[in-house]
Amino acid sequence: MNAMDTIYAGFFEVDDWQAQYLREGTYRLGIADRVQVDFLPHPLNPEGYEACARYDAIGVFIGTKVSRTTLEALPRLRLVLTMSTGYDHIDIEACREHGVVVCNVPHYGENTVAEHTFALILSLSRKLHAAYFQSLRGEYQVRALRGFDLYGKTLGVVGAGSIGLHVIRIARGFGMKVLAYDSRPQQLLADVLGFTYTDMDTLLRESDIVTLHVPATPATYHLINRETLSKMKRGALLINTARGSVVDTEALLWALEEGILAGAGLDVIEGEEYITEESALLRMPLAEQTLKQLVQAQVVLRRENVVFTPHIAFNSQEAVGRILDTTLQNLYAFLQGNPQNVVT
């Protein structure tokens, strides 16, 4: 893009303060005169494609699906700024074919997600969630609310990357033993933080709590399924702050009903976009498989031994600020003709 060009951009799924922050950021970076920006609180959806056809760039979060159809409806589009680390909501191959650059935010909330992971763990281990439901009913059955100490327990971390390592650091502070499974083990980190790399089967068999920190890829699709769940220590907890597709919801429900799992802490689940945005159910036809997943997810989420948060593990004030800063830097770099954090 020519250095003198003015581009039109739409940022979706942003609050008023985020819009103000981004607007002020274009002035701080000296690009306000080169970017005309619209800020919208909702995701980009097919009903809005016609109104957005003039955009050269869009800023989106995970609620916006950037598909081949999206790209065809936005013929001027040259840049997608996703305000997330993961980009499974974007058709990368289609972007590549259309010459659209995709930039993400590789690092912003490793400690933030790790802290949320332990919020879910503690909610289950100390029966905070169950106690809340008891209080709503005016019941106080103390014996039923007896939890367990984390000290001395074994935490299994599936995916010892940036987030997983922060989880391990916190776990060691609780006095937990930590097993980790990762495709690229780094023994020096294990020695420094005091954890042990192992194979997946051993991790599942020996862990009191298993927490997932892997990206959504074809290789991790339903990584946790009936077979892997059947290998877990009976009465263990499962925590997922990664992506919903990593866990087979039908298998998760089975493991909870069979008592293989004593509970689950979920920040993500398959079909979460329909669960957290009910109006989406009215806007589009759903495949039979999607409807089945939604029913299964609703059954899972109604259980008192399941804690669900609507994909907010990243959502601290500090982390969101870092997301916006990196997104602005990605826009600036693109305008300078030197895109950064490119995932295509």
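Observations
- If the segment from D16 to D199 were pulled out straight at 0.36 nm per residue, it would be longer than the present Cα-Cα gap by 61.2 nm.
- Backbone N within segment 18-58 under 19 Å of label point (7 Å from D5 Cα along the Cβ vector): 31-38, 52-58
- Counting charges near I31 (Lys, Arg +1; Asp, Glu -1) among other residues having Cβ under 15 Å from its Cβ returns a value of -2.
- Built amide H within the under 5 Å cut-off of V306, gap 5+: A264
- Estimated translational D of segment 104-188 in µm²/s (Stokes, Kirkwood radius over Cα pairs; 4 °C; 1.567 mPa s): 89 µm²/s
- Global geometry of segment 100-152, whether rounded, prolate or oblate, following the gyration tensor of its Cα atoms and the 1.5 cut on a/c: oblate
- Dividing the Cα radius of gyration of the chain by its Kirkwood radius returns 1.00 for Rg/Rh.
- Net charge of Cβ neighbours under 15 Å - reference V342; Lys, Arg +1; Asp, Glu -1: +1
- Shape category assigned to segment 1-109 from the gyration tensor of Cα positions, a/c cut at 1.5: rounded
- With respect to the chain, whose longest principal axis is taken over its alpha-carbon atoms, helix 317-335 is tilted by about 30°.
- Cα-Cα P(r), segment 186-247, percent of pairs per 5 Å interval: 4, 17, 23, 25, 19, 10, 2
- Candidate aspartates and glutamates - alpha carbon under 15 Å from K292, same-chain residues fewer than 8 apart omitted: D248, E250, E270, E272, E273
- The phi torsions of segment 37-42, fed into the Karplus equation with coefficients 6.51, -1.76 and 1.60 and a -60° offset, translate into couplings of 10, 9, 10, 10, x, 10 Hz, rounded to whole numbers, with Gly and Pro shown as x.
- Taking amide H atoms as placed 1.01 Å from N in the peptide plane, the amide H of T217 has no partner under 5 Å among residues 5 or more positions away or on other chains.
- Calculated from backbone phi, Karplus (6.51, -1.76, 1.60) coupling profile of segment 304-314 in Hz, x at Gly/Pro: 6, 9, 10, 9, 10, 10, x, 6, 10, 4, 7
- Oblate is the label for segment 110-308, because a/c, from the alpha-carbon gyration tensor with a ≥ b ≥ c as root eigenvalues, is 1.5 or above and a/b does not exceed b/c.
- Peptides 120-133, 57-70 ordered by average Cβ neighbours within 10 Å, highest first: 57-70, 120-133
- Selected from F174, L229, L188, residue furthest toward positive end of dipole (segment 110-308; charges at beta carbon): F174
- In a simple Cβ point-charge model (Lys, Arg +1; Asp, Glu -1; nothing else charged), the chain has a dipole of about 940 debye relative to its Cα centre.
- Among 179-186, 134-141, 14-21, 145-152, sorting by the average number of other beta carbon atoms lying within 10 angstrom of each residue, highest first, gives 179-186, 14-21, 145-152, 134-141.
- Applying the Karplus relation 6.51 cos²θ - 1.76 cosθ + 1.60 with θ = phi - 60° to segment 188-200 yields 3J(HN,Hα) values of 4, 5, 4, 5, 6, 8, x, 10, 10, 6, 8, 7, 4 Hz, where x marks Gly and Pro.
- Using 0.36 nm per residue and subtracting the Cα-Cα separation, the extra length available between D38 and K292 on full extension is 87.7 nm.
- Nearby lysines by direct alpha-carbon distance to K233 (threshold 26 angstrom, same-chain neighbours under 8 apart not counted): K127, K153, K177
- Mean-position separation - Cα centroids, segment 19-40 and segment 109-133, in angstrom: 36 Å
- Cα-based equivalent ellipsoid, segment 34-79: semi-axes from gyration tensor eigenvalues, Å: 15, 13, 10
- Database remark: amide H of D38 closer than 5 angstrom to the amide H of A9, G10, F11 (H placed geometrically; neighbours at sequence offset of 5 or more, or on other chains; Pro and chain starts carry no H).
Bear in mind these aren't lab numbers, they're just calculated from the coordinates by the rules spelled out. These figures come from a predicted structure and were not determined experimentally. For neighbour counting, all protein chains shown are included, and Cβ atoms are generated from backbone atoms with ideal geometry for every residue, glycine included.
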